[in-house]
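Some notes on the structure that comes next.
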Amino acid sequence: MHPVTELLECRGPEVERVFVVRGRHAGLGRLLRLARQGGVPISHLAREVLAGKVGKRALHQGVAAQVAPVPYADAGELCAEAEADPSAVLVLVDRVVDPRNLGAILRTAAASGVKGVLLASEATVGVTAVVCKASAGATERIPVAREAKPARRIEALRRSGFLAVGLDPDGDTVWHEEKLTGQVLFVAGGEAGGPRPAVMRACDRRLAIPLAGGVESLNVAVALGVLLFEAVRQRGAEPYGP
């Protein structure tokens, strides 16, 4: 209990999720409060399920935490740095649960010169070992932050001058008709249903990529890659650093 509380207090952004045995409440007030304040998801599990996660011999006291294999960036600091860059591109990911998809997204974002990636805290996979492997090292090259309130973050970035565009197969704008220069935030997600409705409503535009007959959708990482490199093309610059 105490190590998890200390972890939330000192290294909160690195905590992916807190696990608590169902019905366990005594002495956990501060721990749970810190988790909620930091936007860390809390899962209530049967005791035997938690034991299976941490090892049957572990003395877990009914509480455990899952920590990212690489440290997260601070979302506020990442966005502040991007706001100071007139050509910054950010990506916000919501409701992507397949770690391989997220790994591919991070790889594509790094390759196209994205300033950083924001991951919604809820219903979105974090930077796991599988994500790191699928990204082929990109997790070491691009800042990734957890975002507890993605819709509010989108609105704040829009107020600062960012154009927020969401990837939507039913969007009202064709991808190559949108001006993607200047400060742009790309919002992508959901292998099944896309980002949550509130997140999409916060965007300025919803961009669609027309597909040939018989193909219903593109993989989220592929669709995002199309738009990121369209932004690179419009800017007339190489995406790679020196």
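Every number in this text was worked out from the coordinates using simple rules, so none of it is lab data. Since the model is a prediction, treat every value here as computed from it, not as a measurement. Using ideal geometry, Cβ is built from the backbone for each residue, glycine included, and neighbour counts are taken over all protein chains shown.
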| said: Only bridges whose two residues both fall in the chain count here: according to DSSP, what percent of them are antiparallel, nearest 5? | reply: 15 percent
| Whole-Hz ³J(HN,Hα) from phi, Karplus 6.51 cos²θ - 1.76 cosθ + 1.60, for region 58-75, glycine and proline x | 6, 8, 8, 6, x, 9, 8, 10, 9, 10, 5, x, 10, x, 7, 7, 7, 4
| said: At 7 Å along Cα-to-Cβ for each site, give me the label-to-label distance between residue 140 and residue 172 in nm. | reply: 4.5 nm
| task | Enter the angle in degrees (range 0 to 90, nearest 10) between the Cα long axis of helix 2-11 and the first principal axis of the Cα atoms of the chain, meaning the one along which they spread out most. | result | 20 degrees
| task | Within the set of other residues whose C-beta is less than 12 Å from the C-beta of residue 61, count the net charge using Lys and Arg as +1 and Asp and Glu as -1. | result | +2
| Do any GluC sites (Glu not before Pro) in region 176-227 lie in a loop, going by DSSP, with at most 11 other beta-carbon atoms within 10 Å of their beta carbon, and if so which? | 216
| For region 75-235, average projected area of the Cα convex hull in nm² | 8.5 nm²
| note | Computed on Cα atoms, Rg of region 1-152 relative to 2.2 N^0.38 Å comes out at 1.10
| field | Max mean-square fluctuation residue, GNM over the chain, Cα-Cα springs under 10 Å, options 94, 85, 74 | value | 85
| task | Per DSSP H run of n ≥ 4, the term is -39500 (n - 2.57); total these for the chain, divide by its residue number, and report the mean residue ellipticity at 222 nm rounded to 500 deg cm²/dmol. | result | -10500 deg cm²/dmol
| message | Can you give the Rg/Rh ratio of region 2-67, where Rg is from the C-alpha atoms and Rh is the Kirkwood radius? | response | 0.93
